[in-house]
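Okay, structure first, notes after.
The values are calculated or read from the model by the stated rules, or taken from the named source; none is laboratory data. Just so it is clear, the model here is predicted, and its values are computed rather than measured. Quick reminder, even Gly has a Cβ in these numbers, built from the backbone with ideal geometry, and neighbours come from all protein chains shown. Accessible surface is based on the protein model in full, side chains and every heavy atom, while ligands, DNA and RNA are left aside. Shrake-Rupley method; radii C 1.70, N 1.55, O 1.52, S 1.80 Å.
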Amino acid sequence: MLSKNATRLVKRICRRRFADCSQNGAKTALYDFHVQNGGKMVNFGGFLLPVQYGDHGIVKSHLFTRSSASLFDVSHMLQTEIRGDNAFEFLEMICTVDLENMQKNSAGLAVFTNEKGGILDDLIVSKIAFDHLYLVSNAARREHDQKLLTTALEIYKCKYPKTDVRIQFFQPRDRSLLALQGPKAAEILQKFTPTNLTRLYFMKSTIASVCGVELCRVTRCGYTGEDGFEISLPSVKAEDVAKEILTDENVKLAGLGARDSLRLEAGLCLYGADINEETTPIEAGLAWLVSKRRRKILGFPGSDIIANQIADGPIIKRIGLTFSEGPPARQGCIVLDETGSKTIGSVTSGCPAPSLGKNIAMAYVPVEFSAPDSKLRVKIRDKAYNAVVTKMPFIQSKYYLPP
């Protein structure tokens, strides 16, 4: 358990990371519901969302998610459908996903890349059928991703005028996205759906009725390292479904603050912080996003650069750091060698880890400094503190995998 000082630091870091709610922002279908439930609204990715709720602070919310289950509004994420006989070929032109080897009704993490192999965005791709894909990508890259996909389709149609590939972007006013996360998530959701969730494994997707609402897309995934689900549903029903799920005493609302500390403990990247257009998947430790087939046929932007990094190894690498002393390292803090005499990298994300009772961070350093248990130093407020390179995730993942 974190000390009172550490708890204050969590709140301070979240205030810095998330913009003030006085800034203009779009609203999800649940905005009024959040306010009614004591949500402290902030601008994140252009949307007004709760960073926490009332006296159920960030640390309490984080720990409650790890022990029970929390409900998050993630409707700010961009939801997209791609349909058509050539949908696979089209998406593989701009994305690392391997749709040929993905099973029907399965989902996978992928990245859009540029010609330098840099990451334009990370996204979840679900293969519904041979001619039907469902994508969820980051809110902060909403306009970018829409332009990327639209421009790519225009180019594809010029090359293949008879293609029937078409794209539909869902707006938050039309379709919402709820994330139910935690060890009790399945037990809770099973009360509200006739679909047998014991057969829905991690990164599998299905159409289901939830709280009597038909045609919801339920995907077993999340951003916390815990078992959980993302539920895509009509926005007109989002508040009704949220209210009904919350009738279970084992679930509470959670906001962006807990979501950020949960994902960091789980070793998951935040776009714009831990990965960006200058970072390749290999440098980010995400080589597994490029399957054997994609490494062979290539075909996506920057694939030759990425293939060379896979073969020869990158120069820099994303690492995890744990601290036994000092304040938490924030984005931009300088990473030094063990002696503290040489600058070798910088921190991309950092915070107190409520589940561990210590501070953690992610950073990029040259590969020769990336071995687990290596001792480094991190400069925080003009003072260098000891840090240890630590394998990620920082906590054990609890995804619901097939036996």
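Can you tell me which residue is nearest to R199 (Cα to Cα) among those in segment 88-135 that are among the acidic types (D, E) and open to solvent by less than 40 Å² (accessible area, probe 1.4 Å)? Break it down stepwise before answering.
Taking segment 88-135 first, the residues among the acidic types (D, E) are 89, 92, 98, 100, 115, 121-122, 131.
From what is left, the residues that are open to solvent by less than 40 Å² (accessible area, probe 1.4 Å) are 92, 98, 121-122.
On the way: E92: 29, D98: 23, D121: 30, D122: 27 Å.
For segment 88-135, the residue satisfying everything is D98.
Within segment 296-329, being open to solvent by 30 Å² or more (accessible area, probe 1.4 Å) and on the phi > 0 side of the Ramachandran plot holds for L298, G299, G313, G326. Taken as a whole, the structure places G332 among residues that are loosely packed, with under 13 Cβ neighbours inside 10 Å, within 26 Å of G118 (Cβ to Cβ) and under 24 Å from the mean Cα position of the chain (by Cα). I380 fulfils the conditions (1) crowded, with 20+ Cβ neighbours inside 10 Å; (2) out of contact with any Leu (no Cβ under 9 Å at 6 or more places or on another chain); (3) within 30 Å of F202 (Cβ to Cβ) except for a single criterion, (3).
For segment 354-366, the count of residues that are open to solvent by 50 Å² or more (accessible area, probe 1.4 Å) and on the phi > 0 side of the Ramachandran plot is zero. Checking T219, T151 one by one, the residue that is surrounded by fewer than 19 Cβ atoms within 10 Å (Cβ to Cβ) and of a type outside the set (A, V, I, L, M, F, W, C) is T151 and no other. Examine segment 169-179 for a residue that is more than 23 Å from the chain's Cα centre (by Cα), surrounded by 16 or more Cβ atoms within 10 Å (Cβ to Cβ) and in a loop (DSSP other than H, G, I, E, B), and state whether such a residue exists. Looking through segment 169-179, none of the residues is more than 23 Å from the chain's Cα centre (by Cα), surrounded by 16 or more Cβ atoms within 10 Å (Cβ to Cβ) and in a loop (DSSP other than H, G, I, E, B).
In the set (1) more than 20 Å from F72 (Cβ to Cβ); (2) part of a helix (DSSP H, G or I), the condition left unmet by A140 is number (1).
Residue-by-condition table, conditions (1) within 23 Å of the chain's Cα centre (by Cα); (2) surrounded by fewer than 19 Cβ atoms within 10 Å (Cβ to Cβ); (3) assigned by the TED database to the domain that holds D122:
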| residue | (1), (2), (3) |
| --- | --- |
| K157 | no, yes, yes |
| L189 | yes, no, no |
| C211 | no, no, no |
| T224 | yes, no, no |
| E230 | yes, no, no |
| P234 | yes, yes, no |
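Being hydroxyl-bearing (S, T, Y) and surrounded by fewer than 16 Cβ atoms within 10 Å (Cβ to Cβ): is that true of T247 here? Criteria met by T247.
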